[in-house]
Amino acid sequence: MNTESNTENTFKMSDALDNFVQKIGHFMMWTNGLLIFAIITQVILRYGFGKGMVVLEELQWHLYAVGIMFGASYAVVKDSHIRVDIIHANLSPGWQKRWDLFGIIILLLPFVFIIFHQSLDFVHEAWRVGERSDAPSGLPFRWLIKGVIPASFSLLGIAVMSRAVRIVHHIKRG
């Protein structure tokens, strides 16, 4: 009974973490709609009226970055991320789980930790100086987009840990 209770609690925790990541992912998906609107507006202004806007061009980069950075954690939760399928596809289901766990522990978690850790000083300095675009008519808050790095990698770390817990449970169950 105690083992069953632990398993239930483990899945409740993983489910809660996954739901948190998915809710943020669903919210961040709207950046793609805004990105398309910014691209279309820039194309119309540039090619229709001969007057592109630097702010729209920079906004496109920022929206694309937000979508990609937060989309990675959503992809991990939905198990729609890219893996080395040439190896993964030829393994039995049990070994596929082990291979996934190996990738998480040896490759993904160290990468997430390093990027998160290294981004903190980078973001702090950008925030401290109020970093803005080099273009006079560019976006005034470059420090904000840099803040996406540690935020999105924190979320990716949560998603990866939740996935690892599920994999370990499935491996133990056989």
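A short reminder: the numbers here are calculations on the coordinates, not readings from a lab. Since the structure is predicted, the reported quantities are computational estimates derived from the model, not experimental observations. No Cβ is skipped: glycine too gets one built from the backbone with ideal geometry, and neighbour counts run over all protein chains shown.
For each pair in LYS97/LYS146; LYS51/LYS146; LYS23/LYS51; LYS146/LYS172; LYS23/LYS97, compute the distance between the two Cα atoms and list the pairs where it is over 31 Å.
LYS97/LYS146; LYS23/LYS51; LYS146/LYS172
Among the trypsin sites (Lys or Arg not before Pro) found in region 57-130, those both in a DSSP coil and sparsely packed, with 15 or fewer other Cβ atoms within 10 Å of their Cβ, are LYS78, ARG83. Distance between the C-alpha centres of region 72-116 and region 12-53: 26 Å, rounded to the whole angstrom.
Here the Karplus curve 6.51 cos²θ - 1.76 cosθ + 1.60, taken at θ = phi - 60°, turns the phi angles of region 64-69 into couplings of 4, 4, 4, x, 5, 5 Hz, with x standing for Gly and Pro. FRET efficiency for the pair GLU8 and ILE171, taken as 1/(1 + (r/R0)^6) with r the Cβ-Cβ distance and R0 = 25 Å, rounds to 0.90. Whole-percent P(r), region 93-174, all Cα pairs, 10 Å bins from 0: 17, 33, 22, 15, 9, 2, 0.
In the chain, a dipole from Cβ-located charges (positive for Lys and Arg, negative for Asp and Glu) runs towards its positive end, and of ASN19, PHE49, PRO150 it is ASN19 whose Cα lies farthest in that direction.
Using C-alpha pairs below 8 Å separated by at least 6 residues, the relative contact order for region 1-95 is 31 percent. With contributions of -39500 (n - 2.57) from each DSSP H run of at least four residues, the per-residue ellipticity at 222 nm computed over the chain stands at -25000 deg cm²/dmol. A simple spin-label model places pseudo-atoms 7 Å from Cα toward Cβ; at SER133 and ASP15 they are separated by 4.6 nm.
For a paramagnetic label modelled on GLU57 (point 7 Å from Cα along Cα→Cβ), amide N atoms under 20 Å away belong, within region 132-151, to 132-143, 145-146. For the chain, take the longest principal axis of its alpha carbons; what is the angle in degrees between that and the long axis of helix 109-128, to the nearest 10 within 0 to 90? So the inclination is approximately 30 degrees. Rounded to the nearest 20, the size of the Cβ-charge dipole of the chain about its Cα centre is 180 debye, with Lys and Arg at +1 and Asp and Glu at -1. Only one item in (i) 134; (ii) 105; (iii) 185 matches volume of the Cα convex hull per residue in Å³ derived from the coordinates shown, and that item is (i).
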